[in-house]
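Heads up, the thing below is written out as structure tokens.
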Amino acid sequence: MERASPKQIMRIVALGPVGAGKTTLIKTISEIDVVETDRAATDDSALLKPNTTVAMDFGRITFGADMAVHIYGTPGQERFDFMWDILVRRAHALMLLVPLHRPSDFFMASKMLRYLQYHASEVPLVVVGTHSDLPDAWPVEEVLPALGIEPGAAIPIFAINATQVRDVVQVLIALIERYQRWVLSRVQAEPVRQ
């Protein structure tokens with residue numbers, strides 16, 4: 001009997017302020033029931049939504065016969081930043097979600113970006129502007145300066161509606177391709193052993 005080859009698992013972590021759409025994005029694409037750790041919001045986040053993630057969200061999607069993508073959503077509140085450390089430490093790729101309709105969250109998103117640049121500077125990253133379908137959403141290009149991203153930076157930027165499968169798949173494919181190029185560049189940079 002032929003043994004099945006093990007699946008390669010890629011871990012993607014989604015960070016962003018409260019209400020940026022991390023849980024929604026994962027629910028939109030996951031082929032399994034999403035593992036959620038939502039609890040009643042007890043701080044300012046209650047003004048945005050009744051419940052908030054306190055540990056992580058988890059979903060999975062299969063790409064082909066030999067690859068599974070595990071997607072982890074972090075809490076958006078800074079008081080749960082210890083979970084960022086735990087999840088980012090083993091990430092293969094990262095998404096920073098920025099709610100384009102709430103300029104008051106741009107500063108928190110910029111803090112998260114600086115966190116990622118400091119703690120995971122080698123890990124492939126994309127910036128995902130969410131809620132782009134809302135009439136008060138800012139154009140993603142106009143949000144970049146607020147995040148501290150220079151024009152022409154090598155960070156891919158997307159504007160999406162996290163409830164749309166097509167939008168989420170576009171981001172995941174870009175991240176997977178970016179990760180594969182990153183791995184290839186590291187392999188090519190290693191000296192040949194004789």
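Separation between the Gln164 and Ala68 pseudo-spin-labels, each 7 Å from Cα along Cα→Cβ, expressed in nm?
Spacing of the two 7 Å Cα→Cβ label points: 3.0 nm.
For the pair Gln117/Arg60, report the inter-label distance in nm, with labels modelled 7 Å from Cα in the Cβ direction.
About 3.6 nm, to one decimal.
Along the Cα→Cβ direction, 7 angstrom out, place labels at Ile155 and Arg89. What is the inter-label distance in nm?
Using points 7 Å along Cα→Cβ, the separation is 2.4 nm.
As an exercise, use a Förster radius of 30 Å and the Cβ-Cβ distance of Ile32 and His101 to find the FRET efficiency, rounded to the nearest 0.05.
0.55
Distance between the C-alpha centers of region 136-178 and region 54-97? Whole Å please.
17 Å
Please give the length that would be gained between Arg181 and Asp136 if that part of the chain were fully extended, namely 0.36 nm times their separation in residues minus their C-alpha to C-alpha distance (nm, one decimal).
Full extension of this stretch gives 12.6 nm more.
Quick note: the coordinates plus some simple rules give every number you see, no bench work behind them. These figures come from a predicted structure and were not determined experimentally. Virtual Cβ from ideal backbone geometry, glycine too; neighbours counted across all protein chains shown.
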